[in-house]
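Where a number appears in this text, it was derived from the coordinates with a stated rule and is not lab data. None of these values were measured; they are calculated from a predicted model. Please note: Cβ atoms are built from the backbone with ideal geometry, for glycine as well, and neighbour counts cover all protein chains shown.
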Ligand SMILES: NC(=O)C1=CN([C@@H]2O[C@H](COP(=O)(O)OP(=O)(O)OC[C@H]3O[C@@H](n4cnc5c(N)ncnc54)[C@H](O)[C@@H]3O)[C@@H](O)[C@H]2O)C=CC1
Ligand SMILES: Nc1nc(O)c(N)c(N[C@@H]2O[C@H](COP(=O)(O)O)[C@@H](O)[C@H]2O)n1
């Protein structure tokens with residue numbers, strides 16, 4: 001399985017403002033790039049914090065790209081995957097609509113009634129971990145389900161945990177032309193933070209796009 005993390009951040013490294021509401025950082029050309037990355041993926045993963053903050057659809061928006069997927073025998077949209085230890089995804093969340101398959105990764109601590117509600121909405125549940133989703137086990141289950149190219153779109157808590165678990169192969173960031181500031185604003189990698197064993201990255205490309213820059217890194221093994 002190949003895991004690519006893609007996120008947009010302000011010039012000061014924030015994914016959003018301290019109010020954690022959805023905010024546009026990318027320009028039109030970057031959203032097209034993200035659309036192509038989605039179209040080349042089997043699954044798109046987010047944390048439930050992102051679902052609660054943004055209610056994303058995580059679908060491929062450009063018709064041409066959707067056609068490309070159909071020609072290649074892939075479903076019109078990649079599967080959507082939510083890391084959601086306590087099964088907090090609202091039943092009316094856009095990720096549970098009919099546009100694509102949806103997987104919810106939960107822990108054993110997720111209440112049974114919440115799990116049933118999500119299953120009733122058509123989600124496939126994967127249980128891994130006692131209190132928090134065990135990402136190594138959950139991603140192994142996704143691989144077993146046939147997913148090869150996996151894209152992660154955030155947020156900062158999930159991205160940190162994926163780096164911590166050694167699951168990230170590539171990191172792509174769009175750095176936009178704005179400053180959010182705020183010590184409580186989400187950054188690219190939040191969680192506990194590393195004090196040793198920092199992931200080491202190799203820069204693979206730098207591209208000027210819209211009024212910002214796309215930085216692509218591979219994670220050293
Ligand atoms: N600019 C961008 O590209 C993006 C911005 N965002 C922003 O990020 C913010 C949401 O990010 P966060 O609050 O960090 O939430 P998040 O999206 O990273 O979700 C965190 C939640 O994931 C669940 N989870 C399950 N297993 C986990 C594990 N092993 N490790 C970590 N989390 C696990 C937990 O319930 C945890 O509360 C919002 O403000 C959103 O707008 C989100 C995605 C992309
Ligand atoms: N690439 C990118 N640029 C931005 O400026 C953004 N705010 C985000 N946010 C991510 O995209 C999700 C929304 O997806 P839909 O348009 O609803 O499909 C949002 O939840 C973030 O993960 N990304």
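Does residue 78 count as closer than 28 Å to residue 23 by Cα, away from ligand 1 (no atom under 15 Å from the Cβ) and surrounded by 15 or more Cβ atoms within 10 Å (Cβ to Cβ)? In short, yes. Quick check on residue 168: is it touching a strand residue (DSSP E or B) at 6+ places or on another chain (Cβ under 7 Å) and in a strand (DSSP E or B)? No; evaluated as a whole, the condition is false for this residue. Residues considered: 30, 97, 67, 42. Of these, the only one that is more than 22 Å from residue 169 (Cα to Cα) and in contact (Cβ under 8 Å) with a residue 40 or more places away in the chain is 97.
Is it the case that some residue within region 117-134 is in contact with a strand residue (DSSP E or B) (Cβ under 6 Å, 6 or more places away or on another chain), closer than 23 Å to residue 8 by Cβ and outside any helix (DSSP H, G or I)? No: region 117-134 contains no residue that is in contact with a strand residue (DSSP E or B) (Cβ under 6 Å, 6 or more places away or on another chain), closer than 23 Å to residue 8 by Cβ and outside any helix (DSSP H, G or I).
You will find that of 171, 158, 167, the residue that is under 16 Å from the mean Cα position of the chain (by Cα) and away from ligand 1 (no atom under 11 Å from the Cβ) is 171 and no other. Quick one: which of 37, 15, 58 is at positive phi, within 13 Å of ligand 2 (Cβ to nearest atom), in contact (Cβ under 8 Å) with a residue 60 or more places away in the chain and touching a strand residue (DSSP E or B) at 6+ places or on another chain (Cβ under 9 Å)? Testing whether each residue is at positive phi, within 13 Å of ligand 2 (Cβ to nearest atom), in contact (Cβ under 8 Å) with a residue 60 or more places away in the chain and touching a strand residue (DSSP E or B) at 6+ places or on another chain (Cβ under 9 Å) leaves just 58.
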